[in-house]
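Colleague: Encoded as structure tokens, here's the structure I'll be asking about.
The values are calculated or read from the model by the stated rules, or taken from the named source; none is laboratory data. These figures come from a predicted structure and were not determined experimentally. Positions of Cβ are backbone-derived with ideal geometry, glycine not excepted, and every protein chain shown enters the neighbour counts. Heavy atoms of the whole protein, side chains included, go into the accessibility calculation; ligands, DNA and RNA do not. Shrake-Rupley method; radii C 1.70, N 1.55, O 1.52, S 1.80 Å.
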Amino acid sequence: METKKKGPSDYPMVVAICAFSVENVRKHLHHNLAQLSGDEYFVQLDRPSTPEAESVAAEVDAAGGTMRVLGATGGLSASRNLMLARWPNHHVMFVDDDVRLDAKAVTAVRESLRAGTHVVGTRLARPPRPLPWYVTSGQFHLLGWHRDDREIKIWGACMAVDTAFAHANGLDFDLALSRTGGNLQSGEDTTFVKLMKDAGAREQLLPDCSVTHDVDPARLTLRYLLRRAYWQGRCESRRGQAWAGFRKEWDRHRTAPESRLRLPLACLYGAVTAWGVLHDQFLLRWGRDHRSAAV
């Protein structure tokens, strides 16, 4: 009698934490584990090994999860690709190290995948903390928060994938869009989702389920947000949608109905985004000219 080949639904869902901050792993460990129900909890630390990292790895293992220290920093896309390779026939829920899970959201994601969805995303809610004057809902996307008054998109801080579908179609995360070291590159998540959908993947958004994206308060500085806006511009350029990407960012920044400063702030963030687009276009052009001259 022929044995039926196992599929992703025959295995526990893997909650895969692509981590860079050891402190965040420790901070959210016990809360996140308490939100699971038969799921595997795997932390991959994209950093060199240190005594603190090994100590936290022991804590994760003792609490019922698994933590692997990569030993070097390869970047977010590379880390996620290692997860895809580790579980080629599973349901994997990618979660950032600063996300606090919610049992309802985890259950909804698990059930969606088992019902045949290939890529799933929940709402990313902001933590209840006061915001400075230069942060309106028009800048929420720079911090990885969905706006309450808008539809959601699948973002990498909490996105679940049928890895069997991804492998069958030869899909992975773009290393050229990866956040690595000091840069604030982004877009590998939405690019991956688009590739999945282009290949025929079924997508489900879960706007009524949310997890909390508890970003470091240090990101709520004007300097950080302007750097993010600059890198967002570079990201749009690298994805081959410089003008359309800038228009998208401008529309986000200028539509913050709760703030009377929305237009001045839109001009500020928009100008920095435009500089990122133009700078990247210049670098790409110079790079091509430079390579041609060298041939």
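Colleague: Can you pull out the residues in the stretch 62-75 that are within 12 Å of Val25 (Cβ to Cβ) and over 24 Å from the mean Cα position of the chain (by Cα)?
Modeller: Matches in the stretch 62-75: Ala63 only.
Colleague: Could you give every pair whose Cβ atoms fall below 7 Å, whose first residue belongs to the stretch 101-114 and is in a loop (DSSP other than H, G, I, E, B), and whose second residue is open to solvent by less than 10 Å² (accessible area, probe 1.4 Å), counting only separations of at least 6 or pairs across chains?
Modeller: Here the result reads Leu101/Asn32; Leu101/Val95; Leu101/Val211; Asp102/Val211, each pair linking the stretch 101-114 to a residue that is open to solvent by less than 10 Å² (accessible area, probe 1.4 Å).
Colleague: How many residues are open to solvent by 30 Å² or more (accessible area, probe 1.4 Å) and either in a strand (DSSP E or B) or outside the structural domain of Cys18 (by the TED database) (or both) when one looks only at the stretch 134-162?
Modeller: Selection size over the stretch 134-162: 0.
Colleague: Inside the stretch 231-253, can you point out the residues that are surrounded by 21 or more Cβ atoms within 10 Å (Cβ to Cβ) and not small (Gly, Ala, Ser)?
Modeller: Once the filter is applied, which keeps residues that are surrounded by 21 or more Cβ atoms within 10 Å (Cβ to Cβ) and not small (Gly, Ala, Ser), the stretch 231-253 yields Trp231, Gln232, Arg234, Cys235, Glu236, Arg238, Glu249, Arg252, His253.
Colleague: Just a yes or no: is a residue in the stretch 74-90 within 30 Å of Ala256 (Cβ to Cβ) and not basic (Lys, Arg)?
Modeller: Yes.
Colleague: Also, quick follow-up: Is it the case that the stretch 211-218 has a residue that's more than 21 Å from Asn81 (Cα to Cα) and assigned to a helix (DSSP H, G or I)?
Modeller: The answer is yes; a qualifying residue exists.
Colleague: When you go through Glu249, Glu236, Glu258 one by one, which is the residue that is over 19 Å from the mean Cα position of the chain (by Cα) and not assigned by the TED database to the domain that holds Asp149?
Modeller: Testing whether each residue is over 19 Å from the mean Cα position of the chain (by Cα) and not assigned by the TED database to the domain that holds Asp149 leaves just Glu258.
Colleague: Could you list all residues from the stretch 20-52 that are within 22 Å of the chain's Cα centre (by Cα), within 23 Å of Ala218 (Cβ to Cβ) and part of a helix (DSSP H, G or I)?
Modeller: Listed by number, the residues that qualify are Val22, Glu23, Asn24, Val25, Arg26, Lys27, His28, Leu29, His31, Asn32.
Colleague: Do the conditions hold for Leu265, that is, is it modelled with pLDDT of 95 or more, under 20 Å from the mean Cα position of the chain (by Cα) and crowded, with 18+ Cβ neighbours inside 10 Å?
Modeller: Taking the combined requirement at face value, the residue does not satisfy it.
Colleague: With the requirement that a residue be surrounded by fewer than 13 Cβ atoms within 10 Å (Cβ to Cβ) and touching a residue at least 12 places away in the same chain (Cβ under 8 Å), what does the stretch 55-65 give you?
Modeller: Within the stretch 55-65, just Gly64 meets the criteria.
Colleague: May I ask you to list the residues in the stretch 213-230 that are under 20 Å from Leu284 (Cα atoms) and open to solvent by 50 Å² or more (accessible area, probe 1.4 Å)?
Modeller: Arg227
Colleague: Can Val119 be described as touching an Asp or Glu at 6+ places or on another chain (Cβ under 9 Å) and surrounded by 21 or more Cβ atoms within 10 Å (Cβ to Cβ)?
Modeller: Taking the combined requirement at face value, the residue satisfies it.
Colleague: Quick one: is Ser210 surrounded by 16 or more Cβ atoms within 10 Å (Cβ to Cβ), at pLDDT 95 or above, assigned by the TED database to the domain that holds Asp149 and more than 24 Å from Ala164 (Cβ to Cβ)?
Modeller: Against the criterion (surrounded by 16 or more Cβ atoms within 10 Å (Cβ to Cβ), at pLDDT 95 or above, assigned by the TED database to the domain that holds Asp149 and more than 24 Å from Ala164 (Cβ to Cβ)), Ser210 qualifies.
Colleague: A further question on this structure: Got at least one residue in the stretch 187-205 being polar (S, T, N, Q), open to solvent by 30 Å² or more (accessible area, probe 1.4 Å), in contact with a Pro (Cβ under 6 Å, 6 or more places away or on another chain) and at pLDDT 95 or above?
Modeller: Within the stretch 187-205, not a single residue is polar (S, T, N, Q), open to solvent by 30 Å² or more (accessible area, probe 1.4 Å), in contact with a Pro (Cβ under 6 Å, 6 or more places away or on another chain) and at pLDDT 95 or above.
Colleague: Which one of these is in contact with a helix residue (DSSP H, G or I) (Cβ under 6 Å, 6 or more places away or on another chain) and surrounded by fewer than 23 Cβ atoms within 10 Å (Cβ to Cβ): Arg129, Arg110, Arg114?
Modeller: One residue alone meets the criteria, Arg114.
Colleague: Look through Leu131, Leu171, Leu226, Leu206 and report the one residue that is closer than 21 Å to Pro264 by Cα, outside any helix (DSSP H, G or I) and of a type in the set (A, V, I, L, M).
Modeller: So the residue among Leu131, Leu171, Leu226, Leu206 that is closer than 21 Å to Pro264 by Cα, outside any helix (DSSP H, G or I) and of a type in the set (A, V, I, L, M) is Leu131.
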